[in-house]
Amino acid sequence: MDVNNSVLKNEEKAVFKLRSLYGKYGYSQFKMSKFEEYDLYVRNKDFLVSDSIITFTDTNGKLLALKPDVTLSIIKNTKDEPNTVNKVYYNENVYRITKGSFSYKEIMQSGLECIGDIDNYNIYEVLMLACESLKSISEECVLDISNLSILSDVINNIKISPKNRKRVLKCASEKNVHEISNICIEEDIPKEKCEVLKKLISVYGNPRDTIAFLEKEISDYTDKKKIEDLKIITDTLTENGYGDMIRIDFSVINDMNYYNGIVFKGFINSIPTGVLSGGQYDNLMNKMGRKAGAIGFAVYLDMIERLNECEHTYDVDTVILYNADDDISALNGAIKMLADNGKSVMAQKTVPNDLKYKQLLRLKDKGVVIVETNA
Amino acid sequence: MKPMLNIALPKGRLGEKVYAMFESAGFECPSIKENNRKLIFENEEVGVRYFWVKPSDSAIYVERGAADIGVAGKDILLEYDPDVYELLDLDIGKCRMAVAAKKEFRDNPQRTLKVATKFTNIAQNFYSSKGREIDMIHLNGSIEIAPILGLSDVIVDIVETGTTLKENNLEVKETIFPISARLIANKSSFKFKNTQIEKIVRELSAQIEAKND
């Protein structure tokens, strides 16, 4: 059966597009149960976006949870094999408390994970697929890319004390340079070093200009190889036509206990928060006793529900009125003819209260007559 | 046509001062000065739309993207912790968040401290960092009378000049942090209206520097 594109919701369209996109690059679908042992989440609580989890006791007494996250289950179910990578994608519902609300929500999430022997190509491929995922939702999109390891090197090199590290990271995520100045004064950090950190968190722009800045101003504070790798990856993205939508931005901060290296966040014009989030999470792998590296991202499909929203003016195109003793075959014929022409049709004996329709028809002598037209 | 930049200003004296800064930065909107009860004002030529909101709400307007940028006190940012960029300290609307109590109050660490405040998150974080157990009493206004009536031992509140405290026989016992107005931006708007927002940041920051020189 053909599916009329106009009846699909934004998030449903996105699921189809993303599934075929990830499949094209050799990612296979990961299906999982709605439940997972609670223990898995407790051990990695900080990795989760919200730490409230719906739990229940299974018939055998085991404490289970409705999954708040997909990545942890995927890691648990993959095995390390030298010189190879596991590539999987998923489209699952997760259960979380969203910020500002105090109740659980079911959130549809798509994403992919690349686990194993991660190299620059894998990082490029995941970033490219992140760009393509955003573009499949809207052409007006931006992918902000950061490297946590460069930021961390700068913080260490200018000798921010461990007690203020968290504060500095919060400032970086807010692009809050005035607070960085205050912290540097408190810590007696020389002005020129403070300026380096301030410039780093203010950086925002296309990879060409920003990497030139990093090479000039930051290379004394970090391993030059990290800047080179970032350049190789972003150059390849630019050569392949993604240059206009990627930005280097060190305000993309994920928890450093889990993430390291490249992290990124995707935005779509007119959606107020990021719709895609991801990065390298070797530290999480490590915590779970794994040697392999990993990179992946999630697309928050609930965020795109309201994109390009048109006003819901009519509930149905056509209402056909009939009487209980009318010929049902004639009624069915009329409905089928309209439906085959792409119209939504509702058969009713009287018009329901508050129903908005474009056209009102009445079944008469095995045909229909127009009673009212609104559009 | 230029895309309109939506700016949330806090209603009241602070908002008027902030608007004056935007005006001298070249983002004027003369209709805002008309004496009427309208809440939204726009100047299509310059590409700005201002609206007056309750000061404690401006961060929500920005976080949710109804405003691209806005101005909020640091107290509000610390209390609600919105996911926004904090681009500038505007160096106006200065005051402080403080613990105040009756002049004769002496803290007894062996007892749970009764704290009355509008800012429950700030108070909670402050006392948690000290490992102090407290009994939180959330009030919406006239916080100063809580210690006088014995409802609480101390209050956590904004102190500007200290006159209200003094008149009620209270005094500041400890400053928690200084407060001033901050320019905040929605994270998504920052990407898609970057030229306009960066221009405002540059112009306002030049004004602040000139004032401090």
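Taking a straight Cα-Cα cut-off under 16 Å and skipping sequence neighbours fewer than 8 places away in the same chain, the lysines within cross-link reach of A:Lys31 are A:Lys67, A:Lys76, A:Lys87.
Legend: calculated FRET efficiency, A:Asp153 to A:Lys287, from the Cβ-Cβ distance at R0 = 22 Å, rounded to 0.05, equals 0.55.
When A:Leu72, A:Leu18 are arranged by Cβ crowding within 10 Å, least crowded first, meaning fewest neighbours, the order is A:Leu72, A:Leu18. From its DSSP helices (H runs of at least four residues, each -39,500 (n - 2.57)), chain A gives a residue-normalised ellipticity at 222 nm of -10500 deg cm²/dmol.
Region A:278-350: which GluC sites (Glu not before Pro) are DSSP loop and have at most 13 other beta-carbon atoms within 10 angstrom? Each step should come with its number before you reach the end.
Working: sites: A:Glu305, A:Glu309, A:Glu311; in loops: A:Glu309, A:Glu311.
Taking region A:278-350 and a limit of 13 other Cβ atoms within 10 Å, the loop GluC sites (Glu not before Pro) found are A:Glu309, A:Glu311.
Phi-derived couplings, Karplus 6.51 cos²θ - 1.76 cosθ + 1.60 at θ = phi - 60°, listed residue by residue for region A:253-261: 10, 10, 4, 6, 5, 10, 9, 7, x Hz, with x used for Gly and Pro.
Here the Karplus curve 6.51 cos²θ - 1.76 cosθ + 1.60, taken at θ = phi - 60°, turns the phi angles of region A:70-76 into couplings of 9, 3, 4, 5, 5, 4, 4 Hz, with x standing for Gly and Pro.
What shape does region A:178-303 have by the C-alpha gyration tensor, where a ≥ b ≥ c are the square roots of the eigenvalues, rounded means a/c under 1.5, and otherwise prolate means a/b greater than b/c and oblate the rest? Here region A:178-303 falls in the rounded category. Rounded, prolate or oblate for region A:317-373? Axes are the square roots of the Cα gyration tensor eigenvalues, ordered a ≥ b ≥ c, and the cut-off for rounded is a/c under 1.5. In terms of gyration-tensor shape, oblate. Stokes-Einstein diffusion of the protein assembly as shown at 10 °C, 1.306 mPa s viscosity, Kirkwood radius from Cα pairs, rounded to a whole number: 57 µm²/s. By the count of neighbouring beta-carbon atoms within 10 Å, fewest first, A:Phe213, A:Phe47 end up ordered A:Phe213, A:Phe47. Among the listed pairs A:Lys199/A:Lys231; A:Lys265/B:Lys118; A:Lys9/A:Lys135, those with a Cα-Cα distance over 27 Å are A:Lys265/B:Lys118. For chain B, the residue among B:Val53, B:Ile7, B:Ala206 whose Cα projects farthest onto the positive side of the dipole built from Cβ charges is B:Val53. Of the chymotrypsin sites (Phe, Trp or Tyr not before Pro) found in region A:268-375, none is in coil by DSSP with at most 11 other Cβ atoms within 10 Å of its Cβ.
Exposure proxy check: A:His178, B:His138 ranked by fewest other beta carbons within 10 Å?
Going from sparsest to densest Cβ surroundings: B:His138, A:His178.
Taking the Cα centre of chain B as reference, the dipole from Cβ charges on Lys and Arg (+1) and Asp and Glu (-1) amounts to some 240 debye. Using all pairs of distinct alpha-carbon atoms, the Kirkwood hydrodynamic radius of region B:1-114 works out to 16.1 angstrom.
Among A:Gly23, A:Gly243, A:Gly342, the residue with the largest mean-square fluctuation in a Gaussian network model of chain A, with springs joining Cα atoms closer than 10 Å, is A:Gly342.
When +1 charges are put on Lys and Arg Cβ atoms and -1 charges on Asp and Glu Cβ atoms, the dipole computed for chain A relative to its Cα centre reaches about 540 debye.
Mean sequence separation of contacting Cα pairs (under 8 Å, at least six apart), scaled by the length of chain B, corresponds to a relative contact order of 27 percent. Checking the a/c ratio against 1.5 first, then a/b against b/c, what shape does the Cα gyration tensor give for region B:72-115? The shape class here is oblate. May I ask you to evaluate 6.51 cos²θ - 1.76 cosθ + 1.60, the Karplus curve with θ = phi - 60°, for each residue of region A:51-57 and list the ³J(HN,Hα) values in order in whole Hz, giving x for glycine and proline? Here the 3J(HN,Hα) series is 8, 8, 10, 7, 10, 7, 9 Hz.
Coordinate-derived values only; no laboratory data. Nothing here was measured: the structure is a model prediction, and the numbers come from that model. Backbone-built Cβ (ideal geometry, glycine too); neighbour counts: all protein chains shown.
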